[in-house]
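In what follows, a single structure is set out as structure tokens and then discussed.
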Amino acid sequence: MLTKYNKEENQKITMGFLSYISDLKDMSNLENELRLYDEDESRQLYLWKSNVEDFSGVVALSFSKKTVFIEYISLSPSYRSQTNRFKIFDDIARKFPEYTILGSFDLVADLRKWTESEHDEVEEN
């Protein structure tokens, strides 16, 4: 489940997930990243919950007219799996059905597999 980032409610937990990204380990880089998502309406951060009550990671998205671009996904170490990335892709597709989903270089292979698995399920039904 995706929950839109709210600075007042989620800043500390979001900073924790973002700190898993090597470029954001530096506090000034991390603060600049959060500021970017606060100030630019075409960029949004979402916290992600798997099937548990606590948040499991953060997803950074940017939007254009017809696409949602996944900038990055940062998950707690115990949630880093292709299965969970696929669940996140599913959640994004459900939340933004009118958009084409694209992703960063790090996510392209998983997005391709996810898209192919989606088509396989449709063909089987």
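Miscellaneous remarks
- Close Cβ contacts (under 6 Å, 6 or more residues apart or on different chains) running from residues in the range 1-15 that are in contact (Cβ under 8 Å) with a residue 12 or more places away in the chain to residues that are surrounded by 13 or more Cβ atoms within 10 Å (Cβ to Cβ) and among the polar types (S, T, N, Q) comprise 5/14.
- When the test is whether a residue is surrounded by 11 or more Cβ atoms within 10 Å (Cβ to Cβ), under 17 Å from residue 99 (Cβ atoms) and modelled with pLDDT of 90 or more, residue 67 passes it.
- Restricting attention to the range 97-111 and to residues that are free of Cβ contacts under 8 Å to residues at least 12 places away in the same chain, within 14 Å of residue 69 (Cα to Cα) and in a helix (DSSP H, G or I), the residue that is most open to solvent (accessible area, probe 1.4 Å) turns out to be 105.
- Residue 40 being open to solvent by 10 Å² or more (accessible area, probe 1.4 Å) and at pLDDT below 90: no
- Hey, residue 58 modelled with pLDDT of 90 or more and among the aliphatic types (A, V, I, L, M) or not: yes
- Check on residue 10, farther than 21 Å from residue 105 by Cα, of a type outside the set (Ser, Thr, Tyr) and buried (at least 16 other Cβ atoms within 10 Å of the Cβ): yes
- Qualifying residue in the range 64-72 (condition: more than 20 Å from residue 112 (Cβ to Cβ) and under 13 Å from the mean Cα position of the chain (by Cα)): no
- Residue ID - surrounded by the most Cβ atoms within 10 Å (Cβ to Cβ), chosen from residues in the range 75-84 that are in contact with a strand residue (DSSP E or B) (Cβ under 6 Å, 6 or more places away or on another chain) and not hydrophobic (A, V, I, L, M, F, W, C): 79
- Set 25, 87: member being open to solvent by 40 Å² or more (accessible area, probe 1.4 Å) and either among the aliphatic types (A, V, I, L, M) or over 11 Å from the mean Cα position of the chain (by Cα) (or both): 25
The values are calculated or read from the model by the stated rules, or taken from the named source; none is laboratory data. Keep in mind that this is a model prediction, so the values were computed, not measured. Ideal geometry is used to build each Cβ from the backbone, glycine not excepted, and the neighbour counts take in all protein chains shown. Areas reflect the complete protein model, heavy atoms only, side chains present, ligands, DNA and RNA absent. Shrake-Rupley method; radii C 1.70, N 1.55, O 1.52, S 1.80 Å.
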